[in-house]
């Protein structure tokens with residue numbers, strides 16, 4: 001099972017409101033919209049991936065709760081990127097200043113910004129090249145730090161602006177660097 005991409009003719013280009021209507025009408029689906037107007041339908045994950053996602057979210061949530069430096073989000077949160085795409089990273093975070101700059105109405109919709117930090121966890125149904133392209137899209141739209149975690153190969157790709165992608169084999173931990181000060185991700189529960 002992999003993501004399915006529907007090609008939408010330019011004459012039927014989705015407005016934000018139309019995309020929201022499609023998402024609302026299909027609550028059982030996880031949908032994204034590419035910058036080219038393609039509707040991406042992602043398949044559900046298996047139990048192992050769901051457990052790993054929850055572990056990642058839990059570690060980020062605990063750090064966020066202790067530091068109160070920003071807001072963290074799960075994979076159900078949509079971000080309207082500057083390039084027009086609407087993406088839903090597996091885990092994401094923005095500093096409190098960005099959150100406070102949003103209006104109450106903006107907070108209720110797809111957030112009109114790129115997260116400062118994202119994690120994409122490669123599931124068995126994900127295509128590596130597609131996920132790598134999504135990580136580059138985040139960087140091109142303002143991401144400050146991103147981790148693509150591949151549990152099958154026990155590999156992590158680290159994305160930073162204006163730098164080559166760093167690839168780590170079987171790391172035990174990852175540092176949030178200056179984006180998530182003091183955060184250390186324990187990869188033992190992910191790589192098992």
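Per-structure values
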quantity	calculated
Condition broken by residue 53, with the remaining ones in (1) in a loop (DSSP other than H, G, I, E, B); (2) more than 9 Å from the chain's Cα centre (by Cα) satisfied	(1)
Which numbered condition residue 154 fails, given (1) on the phi > 0 side of the Ramachandran plot; (2) at pLDDT below 95	(2)
Some residue of segment 63-71 being modelled with pLDDT of 95 or more, part of a loop (DSSP other than H, G, I, E, B) and surrounded by 13 or more Cβ atoms within 10 Å (Cβ to Cβ)	yes
Test: residue 97 is more than 21 Å from residue 163 (Cα to Cα), more than 10 Å from the chain's Cα centre (by Cα) and modelled with pLDDT of 95 or more	yes
Identity of the residue in segment 28-37, closer than 20 Å to residue 123 by Cβ and part of a loop (DSSP other than H, G, I, E, B), that ends up modelled with the highest pLDDT	34
Selection from segment 132-168 of residues that are within 22 Å of residue 50 (Cα to Cα) and buried (at least 18 other Cβ atoms within 10 Å of the Cβ)	134, 135, 146, 147, 148, 149, 150, 151, 156, 157, 158
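The values are calculated or read from the model by the stated rules, or taken from the named source; none is laboratory data. All figures in this text were calculated on a predicted structure; none of them were measured in a lab. Methodologically, a virtual Cβ is constructed for each residue, glycine included, from the backbone with ideal geometry; neighbour enumeration extends over all protein chains shown.
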